[in-house]
Amino acid sequence: MPMQYEASLVWFRRDLRADDHAALHQALERSRRVFCAFCFDTAILDALPSREDRRVEFIAIALDELEAALAQHGGGLLVVHGDASEAIPRLADELGVGAVFANHDYEPYAKQRDAAVARALQHLGIAFHTFKDQVIFEKDEVMTGAGTPFTVFTPYKNAWLKKLDAVHLSSYPVQRHAGALAAPPFRRRATLADTGFRTTDLRSLGLPLGASGAQRLLDEFMRRIDAYRERRDFPASKGPSYLSVHLRFGTISVRTLAARAQALATEGAQAWLAELVWRDFYQAILHHFPHVVGGAFRREYDALQFDNEEAQWEAWKAGRTGYPLVDAAMRQINQTGYMHNRLRMVTASFLVKDLHIDWRWGERYFADRLNDFDLAANNGGWQWAASTGCDAQPYFRIFNPVTQSEKFDPQGKFIRRYVPELARVPAKFVHAPWTMPPLEQQAAGCVIGRDYPAPIVDHDVARKVALERYNRVKRGE
């Protein structure tokens, strides 16, 4: 029989919702009174490059909704600002609780922080309980027959699906025990302004926010999920679910999403479920192979040579490479904090294999700008594109930015949305505008080299250079 507590504290992190919440469920079942808290962790916030960060504002808005949801059941939400490894034990001590409950976090910093919190709580005589919540399967739950971690996705997915059953998709109900929620004996509510961050354009982007916004997105996506497989690769089409940022901050439960997808037999639903499996896969890779943070999964590729030419790096970041699909994608992330998944692959491949710039540079750039930044998924995606990771794109398969554009944005709708210089360029030239005759350039109001840059590299030449560099690594030279 689990120990029962007079009072406990639930520490919210990447799980900003009041339903289907493992730690909250466990605390409510095992405590007479349950307090709730969130910490704006300075160890994370101070490392951000700007005081205008949509993700911090996303959290602040989600906390407002979370607090209201808890208050409906007589509870509340304490919000503190400081080093979490110190602030949470101090808060637990002030509240006089017997235990702190939280959900697992798998990133290296989070593991170190939680270990420090556990030590501090132990010194205070307070228990620390953590639970699986942000993935369906974690750590060693999906392994090969030999008991080793999977490093290839398809066998992992097959094992994942074989292991999946109703128990793994069951929710952790909160409402039936919500009477144990308690309003804290004091008010402590750090705001966005208290953290030193400012409001952004987040609300103007049209993304539904908070747990209620996540639910609206899910309901809307369910009406078009059958077409997901066919539409997901076309950035001008409404194909994705747009739920990635909500998964990142836990304003919706991954069990809810997986259960909805699993209940449908359509190809679209199963393709989307596979994307959730990828998410678990990369979390497992991060857990078993922490050297991927800062280094190649396949260590031999740490010897790969990069030019890291600053002018080309700046052109890639600004969306001024002369390749329209690449530029449109980079302008999308710069303007909105979102990038379509197909385009994440295209822009990453272009940076590494056309511009010969270190994949870690691009990984960090995305980490700074993506609203849905997740270390495991971002690292996995970049190493896939750079062919340095597990089950990566073979190094000799290099995305051609023009043919990718022709295939996935055939009319140039997405390109024109983010590269207005090309608005009047005919569709037959919009993917490679430098091939447009001079008179047509004048007619379209887009003179190459004046209104829009010429390609900063020749793809065919750059491709051959990349292949030779990868081959040298393969040969051990």
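The values are calculated or read from the model by the stated rules, or taken from the named source; none is laboratory data. Computed from a predicted model, the values in this text were never measured in an experiment. Positions of Cβ are generated from backbone atoms using ideal geometry, with glycine treated the same way; all protein chains shown enter the neighbour counts.
Values computed for the structure shown
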quantity: Residue list for segment 385-397, filter: in contact with an Asp or Glu (Cβ under 9 Å, 6 or more places away or on another chain) and either at pLDDT below 95 or not hydrophobic (A, V, I, L, M, F, W, C) (or both); calculated: Thr388
quantity: Every residue from segment 166-199 that is surrounded by fewer than 18 Cβ atoms within 10 Å (Cβ to Cβ) and either more than 26 Å from Glu57 (Cα to Cα) or in contact with a Cys (Cβ under 6 Å, 6 or more places away or on another chain) (or both); calculated: Ala166, Val167, His168, Ser170, Ser171, Pro173, Gln175, Arg176, Gly179, Pro185
quantity: Entirely in segment 1-109, the helices (runs of 4 or more DSSP H) that have 2 or more residues that are touching a residue at least 12 places away in the same chain (Cβ under 8 Å) and over 21 Å from the mean Cα position of the chain (by Cα); calculated: 22-30, 54-71, 84-95
quantity: Residue within segment 355-366 that is in contact (Cβ under 8 Å) with a residue 24 or more places away in the chain, surrounded by fewer than 23 Cβ atoms within 10 Å (Cβ to Cβ) and under 22 Å from Leu276 (Cα atoms) present; calculated: yes
quantity: Members of segment 222-247 that are part of a helix (DSSP H, G or I) and either touching a helix residue (DSSP H, G or I) at 6+ places or on another chain (Cβ under 8 Å) or small (Gly, Ala, Ser) (or both); calculated: Met222, Ile225, Asp226, Ala227, Tyr228, Arg229, Glu230, Ser244, Val245, His246, Leu247
quantity: Looking only at segment 367-395, and only at residues there that are surrounded by fewer than 23 Cβ atoms within 10 Å (Cβ to Cβ) and among the aromatic types (Phe, Trp, Tyr), the one that is nearest to the chain's Cα centre (by Cα); calculated: Phe373
quantity: Single unsatisfied condition, Ala211 versus (1) surrounded by fewer than 19 Cβ atoms within 10 Å (Cβ to Cβ); (2) touching a residue at least 24 places away in the same chain (Cβ under 8 Å); calculated: (1)
quantity: Hits in segment 60-75 (condition: buried (at least 19 other Cβ atoms within 10 Å of the Cβ), touching a strand residue (DSSP E or B) at 6+ places or on another chain (Cβ under 7 Å) and among the small types (Gly, Ala, Ser)); calculated: Gly75
quantity: Positions within segment 310-342 being more than 15 Å from Pro453 (Cβ to Cβ) and not in a helix (DSSP H, G or I), in sequence order; calculated: Gly337, Tyr338, Met339, His340
quantity: Qualifying residue in segment 343-350 (condition: within 20 Å of Arg279 (Cβ to Cβ), assigned by TED's automatic domain parsing to the domain that holds Val461 and part of a loop (DSSP other than H, G, I, E, B)); calculated: no
quantity: Among the residues listed as Thr151, Thr200, the single one being at pLDDT 95 or above, within 30 Å of Gln72 (Cα to Cα) and not in a helix (DSSP H, G or I); calculated: Thr200
quantity: Residues of segment 142-186 satisfying the condition of being within 28 Å of Cys390 (Cβ to Cβ) and hydroxyl-bearing (Ser, Thr, Tyr); calculated: Thr144, Thr148, Thr151, Thr154, Tyr156
quantity: Subset of segment 196-240 [in contact with a His (Cβ under 8 Å, 6 or more places away or on another chain) and closer than 30 Å to Gln404 by Cβ]; calculated: Leu217, Pro235, Pro240
quantity: Only listed residue being surrounded by fewer than 19 Cβ atoms within 10 Å (Cβ to Cβ), in contact (Cβ under 8 Å) with a residue 24 or more places away in the chain and in a loop (DSSP other than H, G, I, E, B), chosen from Phe297, Phe306; calculated: Phe306
quantity: Among the candidates Leu264, Leu276, Leu207, residue that is in a helix (DSSP H, G or I) and not assigned by TED's automatic domain parsing to the domain that holds Thr388; calculated: Leu276
quantity: Close pairs from segment 420-448: first charged (D, E, K, R), partner assigned to a loop (DSSP other than H, G, I, E, B), Cβ under 8 Å, at least 6 apart; calculated: Glu421/Cys446; Glu421/Asp451; Arg424/Gly445; Arg424/Cys446; Glu440/Pro426; Glu440/Phe429
quantity: Residue count, segment 166-217 (criterion: of a type in the set (S, T, N, Q) and more than 25 Å from the chain's Cα centre (by Cα)); calculated: 1
quantity: Criterion: out of contact with any strand residue (DSSP E or B) (no Cβ under 7 Å at 6 or more places or on another chain) and within 18 Å of Asn341 (Cβ to Cβ) - qualifying residue of His246, His168; calculated: His246
quantity: Answer from Glu275, Glu300, Glu309 - the residue that is within 25 Å of Leu205 (Cβ to Cβ) and among the acidic types (Asp, Glu); calculated: Glu275
quantity: Single match in Ala22, Ala43 (criterion: closer than 16 Å to Phe128 by Cβ and aliphatic (A, V, I, L, M)); calculated: Ala22
quantity: Close pairs (6 angstrom Cβ cut-off, 6 or more residues apart or separate chains): within 15 Å of Arg232 (Cα to Cα) in segment 264-280, of a type in the set (Val, Ile, Thr) and part of a helix (DSSP H, G or I) anywhere; calculated: Gly268/Ile225; Ala269/Ile225
